[in-house]
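Asks: Below you'll find the structure I mean.
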Amino acid sequence: MAVYDLYSKRQQRLRGEHADVYQYQKMPRKLRVQIIHIMDRAMGSYEQSLSDGRVSRGYALIVNTLRQELGVFQLPETSRQSNYYKELTEYFLAEPGVESCLDVVELVFRFIDSFTRNFEHLNRQGYDERANEALADLNVRFKENAFGYQFVDREIVRVDSELIHVETVKPVLRLLNTKEYAGPHEEFLSAYEHYREGKNKEALNDCLKAFESTMKAICDKRGWAYNAGDTAKALIDILFREGLVPSFWQTQFGALRSLLESSIPTGRNKQSGHGQGAKPTTVPDHMAAYMLHMTASTLVFLTTAEQSLA
């Protein structure tokens, strides 16, 4: 995979320079340029589009499809380029609309996923591997730039729903962004950072850390005694015993207790904790995303419940 973990990326992670998790409203120029680099490797560069008819015809197909769907003779924001590659890339770099940019990305990577693989039959070896690498690299770049989309089954999809992001992820970052919750705030951001990098085992580990640290922070804030080595189950017992959930609601919250006791710790323990045995375990993206959102929802509940106590 042609994606490298540069020194500057590692330093940005250490400094915590990620104010939000995902954004959907603007495609960064850096990401656009990275996508063009991926396209160049998979389909062919500008120079190749001038000298290789197959490469030129590929870009012509994409550009003509966009022209027809947009109802134009030339793609907007281009200086009437006679070269299809230049017309496509100039439009992609200048277009302000996210949906229009994603139209380009989806068309390009559908072409890469389908037509470029057939170049092998024309004595151009390695295009199948290039296509696989390009699709993987695109999703890595989306995550790396905190851009909330992925290319899945030949379509661009949102990685999480607007409701989950707005009602869960952003509130927990806001609620944890205080001195009392500095530890769990850092751990929760680290979980998302690991997920964006494809390190799903590490993401689950940090989910559990953020969960346990939040409960300890609540205990510290309220003066409730606990042992330094207490794990999630013991900490949950303390929170219920101290009335974080009112006694007359405890029956109704029996299911919540089961969820808190089993879901986040169990997800981490079974998928990423206690060693992986003879065969390496793999945590799929959908499992990591589910646990991240479950963790966020739980932390929102715990911190707002603490705020409501007299």
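Asks: Looking at MET1, MET27, which one is modelled with pLDDT of 90 or more, under 21 Å from the mean Cα position of the chain (by Cα) and assigned to a loop (DSSP other than H, G, I, E, B)?
Replies: MET27
Asks: For region 113-141, what are the residues that are over 22 Å from the mean Cα position of the chain (by Cα) and at pLDDT 65 or above?
Replies: Once the filter is applied, which keeps residues that are over 22 Å from the mean Cα position of the chain (by Cα) and at pLDDT 65 or above, region 113-141 yields SER114, PHE115, THR116, ARG117, ASN118, TYR127, ASP128, GLU129, ARG130.
Asks: Just to check your reading of the model, which residue among GLU186, GLU144, GLU167 is at pLDDT below 90 and within 14 Å of ILE38 (Cβ to Cβ)?
Replies: The conditions single out GLU144.
Asks: Scan region 191-213 for residues that are polar (S, T, N, Q) and either free of Cβ contacts under 8 Å to residues at least 60 places away in the same chain or in the same structural domain as GLU144 (by TED's automatic domain parsing) (or both) and report the count.
Replies: Of the residues in region 191-213, 1 are polar (S, T, N, Q) and either free of Cβ contacts under 8 Å to residues at least 60 places away in the same chain or in the same structural domain as GLU144 (by TED's automatic domain parsing) (or both).
The values are calculated or read from the model by the stated rules, or taken from the named source; none is laboratory data. Model, not experiment: these values are computed from the prediction. Heads up, the Cβs are rebuilt from the backbone with ideal geometry, glycines too, and the neighbour counts pull from every protein chain shown.
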